[in-house]
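Right, one structure below, let's go through it.
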Amino acid sequence: MADHDPAYVDTLATELCRRHTALLATAENDLAVLRSRIALTVAFIHDPTQDRDARTNLARRLQLPEPGPQ
């Protein structure tokens, strides 16, 4: 990612917040939901009580670290 003038970035962020508060709130909510789903997925992948093949295949498909040996 290219470096940008911090003052320019701050100006853009301020304008975005001022003009599109509802859109930012929606985006932040969507990110929170996504983070939660990723956390649940990672917890499943590393849960040794679940089927190892299913966990390994899911990790591979999502390009996440595979479960450790157990």
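Report Glu66's accessible area, 1.4 Å probe, all protein chains in place, as a number in Å² to the nearest 10.
Looks like 80 Å² after rounding.
Considering Cα pairs under 8 angstrom that are at least six residues apart, work out the relative contact order of the chain and quote it in whole percent.
Worked out over the chain, it gives 18 percent.
Run the 1.4 Å probe and let me know the accessible area of Leu12, rounded to the nearest 10 Å².
Leu12 exposes around 90 Å² with every protein chain in place.
Rounded to the nearest 10 degrees, what's the angle between the helix 6-19 long axis and the longest principal axis of the chain, both from Cα atoms, 0 to 90?
90 degrees
Could you pull out every residue, at least 5 positions away or on a different chain, whose amide H is within less than 5 Å of the one on Glu66? Hs are placed 1.01 Å off N in the peptide plane, and Pro or chain starts have none.
For Glu66, whose amide H was placed from the backbone, there are no distant partners under 5 Å.
Sorted from largest down, give the three principal axis spans of the alpha carbons of the chain, whole angstrom values.
52, 28, 16
Spin-label point model (7 Å from Cα, Cβ direction): what's the Asp30 to Leu64 distance in nm?
A separation of 2.1 nm, rounded to one decimal place.
The values are calculated or read from the model by the stated rules, or taken from the named source; none is laboratory data. Just so we're clear, the structure is a prediction, and the values are computed from it rather than from any experiment. Glycine gets a Cβ as well: all are built from the backbone with ideal geometry, and neighbour counts include every protein chain shown. In case anyone asks, the SASA skips ligands and DNA or RNA and just uses the protein heavy atoms, side chains included. Shrake-Rupley method; radii C 1.70, N 1.55, O 1.52, S 1.80 Å.
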